[in-house]
Amino acid sequence: MAKIDAFFKLMHDSKASDLHLCAGQPPALRIHGDIERVKYKTLSSDELRSMLYEITQEDKIKVFEETGDVDFGYEIPGLARYRANFFMQKNGIGAVFREIPSSIMTTEQLGLPSVISKLASLPRGLVLVTGPTGSGKSTTLAAIIDEANRTRSDHIITIEDPIEFVHQSRGCIVNHRELGLHTKSFSAALRGALREDPDIILVGEMRDLETISLAIEAASTGHLVFSTLHTTSAARTVDRIIEVFPAEEQGQVRSTLADGIRAIVSQTLFKRIDRPGRVPALEILIATPAVRNLIRESKSHQLPSMMQTGRKYGMQLLDEAIMELYNKGWISADDAYLKANDKARFRPMLKSPPTDFTEA
């Protein structure tokens, strides 16, 4: 047993999402969204480096020492998997570990709207799950892939950096590929995947123009493609994808995206006030013919009004989801206001409304 495993056990028992280990500071855990210090001595850089290198493959150590950053996955059988990131900082080495549960929760267990599980049965197209870092994108995607794995008879390929949730082949054949270990880049793996008879492709993140272009192409040629972006709304997601391309290509890309897109789910996590834990609020855009028309005609600013009138298709605005959580007494007014898009709607709920410089 590695020395660091004791911290992972503490992390698991505390229901923490992240473990922070930084030279010059005591360890810390993120529990239900808040950082909490662990009662332990301050770690020196040499002591922490020795602890971290004990669980790190030699090739990853080499990458880290050459670049100052590295990502990889670590697993403790019977406990959980961990997404690891090492980095150099002023006081020496640092590391953050995100726990990836060994068991995958269903969309129902996560409290997600019923339309989310239906995305697993789509025959083809592009589905994007977006949101800030730590908003639960990977967990939502894992639940959708698990639904497909249980209900379909297909070939699923996941391309991740690193591999997070591990899906055992059930109704489907599932192949996991990790950047640096099994392939050089998202784009190289995605290009290869198109020759590997896939039905469903999960791309961990659409990071660059080539990956985005290949993902849209795959979705337009009969595959069901899932991926993520760090955008905070459906309209911003559409704009972000288009803006990645050179100006002379944007018209064609807009048309191809309109044909291929099936859904955009933008989510954020809230700390619950009724009990320990966190709860997601989701904005959901379903690509109806009217939605595709708006994307094709460069009218993404009208998508919010389309979501307001598309509830029968499962669509909803983020602010509507936040309001529902607030009315249930699950989240605080301050948190609702902080993460809402239309802050004026939530301002009357605050006891002491702040002067919000972001509205200036």
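Of note:
- FRET efficiency for the R191 to K351 pair, using the beta carbon distance and R₀ = 41 Å, is estimated at 0.15.
- Efficiency of FRET between T106 and K184 - r from beta-carbon atoms, R0 30 angstrom, step 0.05: 0.30
- Its Cα centre serving as origin, the chain has a Cβ charge dipole (Lys and Arg +1, Asp and Glu -1) of approximately 1000 debye.
- Other-chain or far-sequence residues with amide H under 5 Å of F270's (modelled H): V279, A281
- Prolate/oblate/rounded call for the range 114-346, Cα gyration tensor, a/c under 1.5 rounded: oblate
- Pairs beyond 27 Å (Cα-Cα), from K15/K41; K60/K271; K118/K184; K118/K328; K60/K118: K60/K271; K118/K184; K60/K118
- Multiplying the residue separation of T133 and R275 by 0.36 nm and removing their Cα-Cα distance gives an extension gain of 48.8 nm.
- Looking at the range 238-338, the GluC sites (Glu not before Pro) that sit in a DSSP loop and have at most 14 other Cβ atoms within 10 Å of their own Cβ are E297.
- Shape call, the range 5-101: gyration tensor on alpha carbons, a/c limit 1.5: oblate
- Cleavage-rule hits, trypsin sites (Lys or Arg not before Pro), the range 1-65, DSSP coil, Cβ neighbours within 10 Å at most 13: K3, K15, K39, K41
- Gain on full extension, evaluated as 0.36 nm per residue between E210 and Q302 minus their Cα-Cα distance, stands at 30.3 nm.
- Fully extending the segment from K15 to E249, taken as 0.36 nm per residue of separation minus the present Cα-Cα distance, adds 79.6 nm.
- The range 200-274 versus the range 299-325: alpha-carbon centroid distance in Å: 18
- Spacing of the two label points (7 Å from each Cα toward its C-beta) at Y53 and S114, in nm: 5.7
- In terms of surrounding Cβ atoms within a 10 Å radius of their Cβ, T140, T221, T133 rank from fewest to most as T133, T221, T140.
- Normalised by 2.2 N^0.38 Å, where N is the number of residues, the C-alpha radius of gyration of the range 290-360 stands at 1.33.
- Shown here are the Rg and Dmax of the Cα trace of the range 245-353, at 16.8, 52 Å.
- The chain, helix-only ellipticity at 222 nm - DSSP H runs n ≥ 4, -39,500 (n - 2.57), divided by all residues, nearest 500: -9500 deg cm²/dmol
- Paramagnetic reach from K39 (point 7 Å along Cα→Cβ, amide N under 16 Å) across the range 1-25: 10-11, 14
Values in this text are rule-based calculations from the coordinates and carry no lab data. Fair warning: this is a prediction, and the values are worked out from it, not measured in the lab. Methodologically, a virtual Cβ is constructed for each residue, glycine included, from the backbone with ideal geometry; neighbour enumeration extends over all protein chains shown.
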